[in-house]
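Undergrad: Have a look at this one.
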Amino acid sequence: MEVCSSVVLVFGGFKGGILFVVPDHMVFRSSLDLVWWFFRWVGSGGLMVGSLWNGSGDTGSKFRLPNFGFGQKHDATDDVPLETRNDPNKQKELSDWEADLRRRELDIKRREDAVAGAGVVEDDRNWPPFFPIIHHDIANEIPVHAQKLQYMAFASWLGIVLCLVYNIVAIIVCWIKGGGAKIFFLASIYALLGVPLSYVLWYRPLYRAMRTDSAFKFGWFFLLYLIHILFCVFAAIAPPIVFHGQSLTGILAAIDVFPHSVLVGVFYLVGFGLFCLEALLSLWVLQKIYMYFRGHK
């Protein structure tokens, strides 16, 4: 079977379509010969062999098909719209955007290099959720087998915060009942210094010790945590050393204020109970962490 006499190939995708007419003098013995000849023609770069029609109505005009990339080594697609290429405003916008991205990348790299050079781990503040002031993520940063201990230590830190805040409330009640302003200022100093110092001096070292398994940080925690426990015991007793001990809600201060005001005495007894619970919880946490440290090492 011979295929000849003006075989027409139709291509889509061009405006108006493209019709390629094979000359009558070319004879193909089968359809496969025709297909083979076509791909060979395309691979050669789209050289004109016959007449083309590009939708303009001029059938006699010559038209050169673009190189479709068959047989090329470095074929690539370009998805940039033509209107973007030709619009100087959009080109300027793209250039500004690329420059801003490069500037941000350099800034981030500079910060990472500075942090890495200083040996400091940069943590994002995420606690408390309503007003983040510290970084705290036990579930994702502490090993699973140590998370329970870390949560208990965190409860111990929250306990001392509660004790110091309640101590201010009880002292305010005592101040209103005629206790004087000096004990209120002392209670405020205890809270303002005790809350951040307890976090910085013993809770954060323990947190980092659990993360990095640092023996030095564990040792620092044990030393400062013992001081924390001694303070809790001292506050629970509240000996009459500073302003008759009424700046702390301990048992001796409660006994001292009961004859003057039963209400103040009740507030002081509640504070005494809180300091006692905090001291017991701290002793239990110290024991468990020490056992973990010895067994882990």
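The values are calculated or read from the model by the stated rules, or taken from the named source; none is laboratory data. All values reported here derive from a predicted model rather than from experimental measurement. Every residue, glycine as well, gets a Cβ built from its backbone with ideal geometry; the counts of neighbours run over all protein chains shown. The protein model used for the area step is the full one, side chains on, heavy atoms only, and it has no ligands, DNA or RNA in it. Shrake-Rupley method; radii C 1.70, N 1.55, O 1.52, S 1.80 Å.
Undergrad: For region 203-222, which positions are closer than 22 Å to Gly159 by Cβ and either open to solvent by 40 Å² or more (accessible area, probe 1.4 Å) or among the charged types (D, E, K, R) (or both)?
TA: If the condition is that a residue be closer than 22 Å to Gly159 by Cβ and either open to solvent by 40 Å² or more (accessible area, probe 1.4 Å) or among the charged types (D, E, K, R) (or both), then Arg204, Arg208, Lys217, Trp220 are the ones that fit.
Undergrad: Same structure again: Which of the residues belonging to region 166-182 are more than 19 Å from Cys232 (Cβ to Cβ) and either among the aliphatic types (A, V, I, L, M) or in contact with a strand residue (DSSP E or B) (Cβ under 8 Å, 6 or more places away or on another chain) (or both)?
TA: Correct list: Ile172, Val173, Ile176, Ala181.
Undergrad: Among Tyr166, Tyr199, Tyr207, which is at pLDDT 90 or above, closer than 19 Å to Leu277 by Cβ and hydroxyl-bearing (Ser, Thr, Tyr)?
TA: The unique qualifying residue is Tyr166.
Undergrad: What helices (runs of 4 or more DSSP H) completely inside region 119-201 contain at least 3 residues that are of a type in the set (A, V, I, L, M)?
TA: The helices (runs of 4 or more DSSP H) meeting that bar are 147-174, 182-198.
Undergrad: Taking into account only those residues within region 251-273 that are surrounded by fewer than 22 Cβ atoms within 10 Å (Cβ to Cβ) and of a type in the set (A, V, I, L, M), which is nearest to the chain's Cα centre (by Cα)?
TA: That would be Val270.
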